[in-house]
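Peer 1: Dropping the structure in here first, questions after.
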Amino acid sequence: QKKVAAQMNDFAGKLDAPLTAVLALGDNFYNMLEPERFDRDFEKMYSKEHLDCPFYACLGNHDYGPSYDSKQGRVKADMQLEYAAKTPGSRWKMPAKWYAVEFPNAASPLVKVIYLDGNYAEGALTPQEKIAQKRWVEAELKKPTRAKWTWVVSHFPLFSDDKKRKDNKGLIKNWGPYLQANPVSLYLSGHDHNLQHLQLEEYQPSFLVSGGGGASTYETNKSDRGFSKQIFGFNHIHVDDKKITVQLIDAANA
């Protein structure tokens, strides 16, 4: 994780302009989450030298870990929401379990990003939360926006060329229709510990998997759906009103 964080900072320092934001794709903290870890494993992990921008985060399965990991369950997720609420000066941003944000700002947006919580396992989202999120995202997708691009972010991929995990049939059923019926250009996720950029014929958005942030990597299968590689690293996305340029960056700078 330290190696990836250092390479992120170095890469950002070579860009023509400062970063607008970092999209943090979940599994933010492995094992027991205690208050002091926010400083050690976030604030100090990611240098303010060139990463002095908001980190908009979503919740992964290890951020609940109801029956594994720390076994803290929903308390672990709540701690991350509370840290964002109580320290507004921090780069750590998580206004809710699902939310929308516009970049570079709401007054003249170029990109609208819709964050979703895909933790449907027992002990994570409650039945009431699942219903509330469904109603919210359906309403959010109908809202008019001046943003040229709309992206969807969640910890869990819908499609993956990960050798072990593969496609997520539950999310394809639940969220696939939203991605097919609305002008979404990117779906970004983590979860699988590798880097992927996939395209499926029946879907408009590209599917990015960026799970190479620090935990041990997973093997990938080659397919005709796009690129995948078992590697530590991250994505950089440059956006203007005409195109989106995605780079997958090797943490080893290779």
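The values are calculated or read from the model by the stated rules, or taken from the named source; none is laboratory data. Computed from a predicted model, the values in this text were never measured in an experiment. Glycine gets a Cβ as well: all are built from the backbone with ideal geometry, and neighbour counts include every protein chain shown. SASA here: full protein model, heavy atoms, side chains in, ligands and nucleic acids out. Shrake-Rupley method; radii C 1.70, N 1.55, O 1.52, S 1.80 Å.
Peer 1: Could you check ASN221 against (1) among the polar types (S, T, N, Q); (2) open to solvent by 40 Å² or more (accessible area, probe 1.4 Å); (3) without any contact (Cβ under 8 Å) to a residue 40 or more places away in the chain and say which number it fails?
Peer 2: The single condition ASN221 does not satisfy is (3).
Peer 1: Name the residue, out of GLY73, GLY13, GLY26, GLY60, that is over 19 Å from the mean Cα position of the chain (by Cα) and either within 23 Å of PHE232 (Cα to Cα) or exposed (fewer than 12 other Cβ atoms within 10 Å of the Cβ) (or both). Working first, answer last.
Peer 2: On the way: GLY73 fails: either within 23 Å of PHE232 (Cα to Cα) or exposed (fewer than 12 other Cβ atoms within 10 Å of the Cβ) (or both); GLY26 fails: over 19 Å from the mean Cα position of the chain (by Cα); GLY60 fails: over 19 Å from the mean Cα position of the chain (by Cα).
Matching residue, one of GLY73, GLY13, GLY26, GLY60: GLY13.
Peer 1: Okay, next question. Does GLY190 count as surrounded by 20 or more Cβ atoms within 10 Å (Cβ to Cβ) and of a type in the set (Gly, Ala, Ser)? Step through it out loud before you land on a result.
Peer 2: Working: surrounded by 20 or more Cβ atoms within 10 Å (Cβ to Cβ): yes; of a type in the set (Gly, Ala, Ser): yes.
In short, yes.
Residue by residue, here is whether (1) open to solvent by 70 Å² or more (accessible area, probe 1.4 Å); (2) within 20 Å of ASP27 (Cβ to Cβ); (3) among the β-branched types (Val, Ile, Thr) holds:
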position: ALA85; (1), (2), (3): yes, no, no
position: PRO88; (1), (2), (3): yes, no, no
position: TRP98; (1), (2), (3): no, yes, no
position: PRO109; (1), (2), (3): no, no, no
position: VAL113; (1), (2), (3): no, yes, yes
position: GLY118; (1), (2), (3): no, yes, no
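For (1) over 24 Å from SER228 (Cβ atoms); (2) acidic (Asp, Glu); (3) not in a helix (DSSP H, G or I), each residue gets a yes or a no:
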| site | (1), (2), (3) |
| --- | --- |
| VAL137 | yes, no, no |
| THR145 | yes, no, yes |
| SER160 | no, no, yes |
| ARG165 | no, no, yes |
| ILE172 | no, no, no |
| GLY176 | no, no, no |
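Peer 1: Right, something else. Tell me, please, whether a residue that is modelled with pLDDT of 95 or more, assigned to a loop (DSSP other than H, G, I, E, B) and either within 26 Å of VAL152 (Cα to Cα) or β-branched (Val, Ile, Thr) (or both) can be found in region 76-87.
Peer 2: From region 76-87, those modelled with pLDDT of 95 or more are 76-87; that's our starting set.
Restricting the remaining residues to those that are assigned to a loop (DSSP other than H, G, I, E, B) gives 87.
Applying the additional criterion that residues be either within 26 Å of VAL152 (Cα to Cα) or β-branched (Val, Ile, Thr) (or both) yields 87.
Yes - at least one qualifying residue is present in region 76-87.
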